[in-house]
Amino acid sequence: MLAAMTDLLAEAKAGGFAVGSFNVYNLEGALAVVEAAERTRSPAAIQLHSPAVKSGGPPLVALCLAAARGANVPMAVHFDHGSSVGEIEEALAIGFTSIMADGSRLPYAENVEFTKKMTTLAHSKKVAVEGELGRLAGTEGDMVVPESEGSMTDPDQAASFVEQTGVDALAVCIGNSHGRSGTKDRLDFGLLARIRSAVVVPLVLHGASGVSEPSIRRCIDLGVTKFNVNAELRGAYVSALSQGLHSQPPDLAELMRSATVAVRDVVSNKLRIFRSSGRAGGMV
Ligand code: G3H
Ligand code: ZN
């Protein structure tokens, strides 16, 4: 069933677990997330970032929404890293039920202005909004931020950012980064605890690929309620496809299925680590 992201996050916050939000690019990705969520009885989210939306267009979004509606567990469909007014307006028009207004590349005052404007617009359509404060290093699609340009979230600024913009969730920068390169386990848990005490909205950790299980669990204990995962799913998809290409001629249906199963297994393991397995019951 299609669910509101705010409901998933509220349930997770109250229940001491986190919502896994997984980037997909096509039907195989969407099916993998739904199958993993159903097999583990877990609420979850399918998310698309701008390069995926540009490539798949409205049919891909419609496909993700249909997959979520058909699931027997609650699922949100989220537009990830929306960084311009145009793409967020388009995302709202196509039917995403949750968006990220990512103004993290902007100076603070402009980030507030952009995020507030997008939040007002999204809320008028009953769509939830995630903002970001600080600047995440690493690579996510066409967004490449060198480590030297990354910056951490300031807890005091976080409190006024949430208050001024009205966002429903806040993505934090505490040493996390996008992609698989570099050390993924250098998280500043003291900073996370200070942000948690400064703001009331659910916190989001981007760049969850490659972060160790103990670190993920510590993040949940310190208030992270949503994890974004992309690179690990992509890796599983690509390696399943390349292995399948050895059989000649390749059977396309089998190839697609093996990619779905490979991604599904990665998602299932993440849902277990996020402590969301078995938590769909109270929400359906
Ligand atoms: O928004 C998407 C995520 O932050 C993905 O990060 O590729 O490091 O898992 P990741
Ligand atoms: Zn991200």
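The values are calculated or read from the model by the stated rules, or taken from the named source; none is laboratory data. What you see is a predicted model; the values in this text were computed from it and never measured. Please note: Cβ atoms are built from the backbone with ideal geometry, for glycine as well, and neighbour counts cover all protein chains shown.
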All-but-one check, Glu132 against (1) touching a residue at least 40 places away in the same chain (Cβ under 8 Å); (2) acidic (Asp, Glu); (3) assigned to a loop (DSSP other than H, G, I, E, B), failing number (3)
What pairs can you find where one residue is in region 212-230 and away from ligand 1 (no atom under 15 Å from the Cβ) and assigned to a helix (DSSP H, G or I), the other is modelled with pLDDT of 95 or more and among the aliphatic types (A, V, I, L, M), and their Cβ atoms are less than 7 Å apart, with a gap of 6+ or different chains?
-> Ile220/Ala18
Within region 13-31, which residues are surrounded by fewer than 24 Cβ atoms within 10 Å (Cβ to Cβ) and out of contact with any Pro (no Cβ under 7 Å at 6 or more places or on another chain)?
-> Ala14, Gly15, Gly16, Phe17, Tyr25, Asn26, Leu27, Glu28, Leu31
Whichever residue in region 74-102 is surrounded by fewer than 24 Cβ atoms within 10 Å (Cβ to Cβ) and in a loop (DSSP other than H, G, I, E, B) and, among such residues, is nearest to ligand 1 (Cβ to nearest atom) = Ser83
For region 182-198, does any single residue satisfy the condition of being within 16 Å of ligand 1 (Cβ to nearest atom), without any contact (Cβ under 8 Å) to a residue 24 or more places away in the chain and farther than 22 Å from Val24 by Cβ?
-> yes
Among the residues of region 140-156 satisfying the criterion of being buried (at least 17 other Cβ atoms within 10 Å of the Cβ) and not in a loop (DSSP other than H, G, I, E, B), which is nearest to ligand 2 (Cβ to nearest atom)?
-> Glu140
Test Ser42 against the stated conditions and say whether it is of a type in the set (Ser, Thr, Tyr) and surrounded by fewer than 24 Cβ atoms within 10 Å (Cβ to Cβ).
-> no
Does Ser277 count as among the hydroxyl-bearing types (Ser, Thr, Tyr) and surrounded by 23 or more Cβ atoms within 10 Å (Cβ to Cβ)?
-> no
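For region 250-265, indicate whether the set of residues that are of a type in the set (Ser, Thr, Tyr), part of a loop (DSSP other than H, G, I, E, B) and either out of contact with any Ser or Thr (no Cβ under 7 Å at 6 or more places or on another chain) or more than 16 Å from ligand 2 (Cβ to nearest atom) (or both) is non-empty.
Scanning region 250-265, I find no residue that is of a type in the set (Ser, Thr, Tyr), part of a loop (DSSP other than H, G, I, E, B) and either out of contact with any Ser or Thr (no Cβ under 7 Å at 6 or more places or on another chain) or more than 16 Å from ligand 2 (Cβ to nearest atom) (or both), so the answer is no.
Residues checked against (1) modelled with pLDDT of 95 or more; (2) buried (at least 18 other Cβ atoms within 10 Å of the Cβ):
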residue: Asp185; (1), (2): no, no
residue: Ala193; (1), (2): yes, no
residue: Ser197; (1), (2): yes, no
residue: Pro202; (1), (2): yes, yes
residue: Gly207; (1), (2): yes, yes
residue: Ile216; (1), (2): yes, yes
residue: Asn230; (1), (2): yes, yes
residue: Leu233; (1), (2): yes, yes
Considering only residues that are among the polar types (S, T, N, Q) and within 15 Å of ligand 2 (Cβ to nearest atom), look in region 43-94 and name the one that is nearest to the chain's Cα centre (by Cα).
-> Gln47
